[in-house]
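Below is one structure; the comments refer to it alone.
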Amino acid sequence: RTLTTLQSACGQCASGNGDTIFVLPGHAENITLADQITNLVAGTNIIGLGNGNLRPTFTWTTATATFLLDVANVLIANCILNMDPGTGTTSVAAPMTISAAGCGIVNCRVRTSTDANSLATVPLLLTDNADDCYLIGNRFYGATAGECTTQVDIAGADRLVMKNNVFKGASSSTTVGIVRFKTTAATDIELENNKYIN
């Protein structure tokens, strides 16, 4: 089946079935609404096709736009995730939150800010329910002038695996950093071969 939006493609998936959505090279889609992908079900694999800038691109364009990974075992791989609009004066508050177990983001390019006027406040938040999640082979980057609170905020998320990622950008305070573990303790964390450039 060929569909034009991720929301409509997710509507064809069965929960817990391990269904896979292949997003074609050159596909571009804006995230404009709060919880825009409401059809997302557990076990969905969202796989971008193509290399480099031909990978599918998702761009958050409004302050309240969100893509919530609130069902278990969802994978997003090989996509370009522009968590700020890239132009104008929009601060996207919380583009993506992972609040379910077993979710992963793999081999994605994640833009967290373009300049001081176009940025994401907290691009990626992992809550206490995001156990057994994984971030592998991603590149997070933002402009020096585009200060996020932090690029990745981790509140809980036991057994999190973070390997071979690059986190490069500016945070709004020297006491925060571009990756922050906060509030609820996250246990059994595996951090390997990441680069942190603040």
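The values are calculated or read from the model by the stated rules, or taken from the named source; none is laboratory data. Model, not experiment: these values are computed from the prediction. Cβ coordinates were reconstructed from backbone atoms using ideal geometry, including for glycine residues, and neighbour counts include every protein chain displayed. Please note that ligands, DNA and RNA were not included when accessible areas were found on the heavy atoms of the full protein model with its side chains. Shrake-Rupley method; radii C 1.70, N 1.55, O 1.52, S 1.80 Å.
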Residues being among the aliphatic types (A, V, I, L, M) and either exposed (fewer than 13 other Cβ atoms within 10 Å of the Cβ) or part of a helix (DSSP H, G or I) (or both) - total across the stretch 25-36: 1
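Condition check ((1) open to solvent by 40 Å² or more (accessible area, probe 1.4 Å); (2) closer than 24 Å to Ala130 by Cβ; (3) within 13 Å of the chain's Cα centre (by Cα); (4) aromatic (Phe, Trp, Tyr)) across all residues:
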| position | (1), (2), (3), (4) |
| --- | --- |
| Leu3 | yes, no, no, no |
| Val23 | no, yes, no, no |
| Thr38 | yes, yes, no, no |
| Asp70 | yes, yes, yes, no |
| Cys108 | no, yes, yes, no |
Condition broken by Ile76, with the remaining ones in (1) in a loop (DSSP other than H, G, I, E, B); (2) under 16 Å from Leu124 (Cβ atoms); (3) not basic (Lys, Arg) satisfied: (1)
Candidate set from the stretch 154-177 (those that are of a type in the set (Val, Ile, Thr) and modelled with pLDDT of 95 or more); member that is nearest to Cys103 (Cα to Cα): Val161
Output for the stretch 162-175, where each listed residue is of a type outside the set (D, E, K, R) and either assigned to a strand (DSSP E or B) or surrounded by 18 or more Cβ atoms within 10 Å (Cβ to Cβ) (or both): Met162, Asn165, Val166, Phe167, Gly169, Ala170, Ser171
Residue, farthest from Leu24 (Cα to Cα), within the stretch 89-106, restricted to residues that are assigned to a loop (DSSP other than H, G, I, E, B) and open to solvent by 50 Å² or more (accessible area, probe 1.4 Å): Thr89
Qualifying residue in the stretch 48-59 (condition: under 13 Å from Cys108 (Cβ atoms), of a type in the set (A, V, I, L, M), open to solvent by 30 Å² or more (accessible area, probe 1.4 Å) and outside any loop (DSSP other than H, G, I, E, B)): no
Those residues of the stretch 110-130 which are more than 10 Å from the chain's Cα centre (by Cα) and not in a strand (DSSP E or B), in sequence order: Thr114, Asp115, Ala116, Asn117, Ser118, Thr121, Val122, Thr127, Asp128, Asn129, Ala130
Of all residues making up the stretch 183-194, the number that are closer than 23 Å to Arg109 by Cα and assigned to a loop (DSSP other than H, G, I, E, B): 3
Extreme residue, farthest from Thr187 (Cα to Cα), among residues of the stretch 131-150 that are open to solvent by less than 10 Å² (accessible area, probe 1.4 Å) and in a loop (DSSP other than H, G, I, E, B): Gly146
Checklist (1) closer than 15 Å to Asp153 by Cα; (2) under 12 Å from the mean Cα position of the chain (by Cα) applied to Trp60, failing item: (1)
Lone qualifier among Arg159, Arg180 - being among the basic types (Lys, Arg), assigned to a loop (DSSP other than H, G, I, E, B), touching a residue at least 12 places away in the same chain (Cβ under 8 Å) and surrounded by fewer than 20 Cβ atoms within 10 Å (Cβ to Cβ): Arg159
Any hit, the stretch 105-121, residues being out of contact with any helix residue (DSSP H, G or I) (no Cβ under 6 Å at 6 or more places or on another chain) and within 22 Å of Thr187 (Cα to Cα): yes
